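Peer 1: Before we start, here is the structure in question, set down as structure tokens.
The values are calculated or read from the model by the stated rules, or taken from the named source; none is laboratory data. It should be emphasised that the depicted structure is a prediction, and the values quoted were computed from it without experimental measurement. Here the Cβ positions follow ideal geometry from the backbone for every residue, glycine too, while neighbour counts run over all protein chains shown. We work out accessible area using only protein heavy atoms, side chains counted, and drop any ligands, DNA or RNA first. Shrake-Rupley method; radii C 1.70, N 1.55, O 1.52, S 1.80 Å.
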Amino acid sequence: MPYLTQSEIETAFGANELADLTDRNADGIADRAVIDAAIGRATGLIDSYLRSRFTLPLTSVPDLVREISLALVRYYL
């Protein structure tokens with residue numbers, strides 16, 4: 001289960017920055033597949049750390065996990 005959505009990423013970074021980071025075909029629109037791949041990588045990394053202490057998927061996402069996920073997604077993009 002991903003810890004955030006594309007709309008949350010867009011809210012955090014802005015639509016223009018998201019398009020700049022993900023627009024692979026130069027049409028000015030953010031590429032959903034690129035965003036989903038970054039979310040998947042971030043979720044996988046976070047899950048690898050949480051799995052030893054918590055039952056996954058988490059029933060609610062703590063703010064810290066959401067912030068870490070945002071930082072990782074931005075890094076991967």
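Peer 1: Which condition number does Phe54 fail, the rest of (1) open to solvent by 30 Å² or more (accessible area, probe 1.4 Å); (2) assigned to a helix (DSSP H, G or I); (3) of a type outside the set (Ser, Thr, Tyr) being met?
Peer 2: So Phe54 meets the others, but not (2).
Peer 1: Residues to consider are Ile35, Ile68, Ile46; find the one that is among the hydrophobic types (A, V, I, L, M, F, W, C) and open to solvent by 60 Å² or more (accessible area, probe 1.4 Å).
Peer 2: After ruling out the rest, the residue left standing is Ile68.
Peer 1: Given the residues Ala30, Ala12, which is the only one that is surrounded by 15 or more Cβ atoms within 10 Å (Cβ to Cβ) and in a loop (DSSP other than H, G, I, E, B)?
Peer 2: Of the residues listed, the single one that is surrounded by 15 or more Cβ atoms within 10 Å (Cβ to Cβ) and in a loop (DSSP other than H, G, I, E, B) is Ala30.
Peer 1: Hey, another quick one. Which residue pairs have Cβ atoms closer than 6 Å, lie 6 or more positions apart in sequence or on different chains, and pair a first residue in region 7-31 that is under 17 Å from Ala71 (Cα atoms) with a second residue that is assigned to a helix (DSSP H, G or I) and open to solvent by 60 Å² or more (accessible area, probe 1.4 Å)?
Peer 2: That search, which allows pairs on different chains as well, returns Leu18/Glu10.
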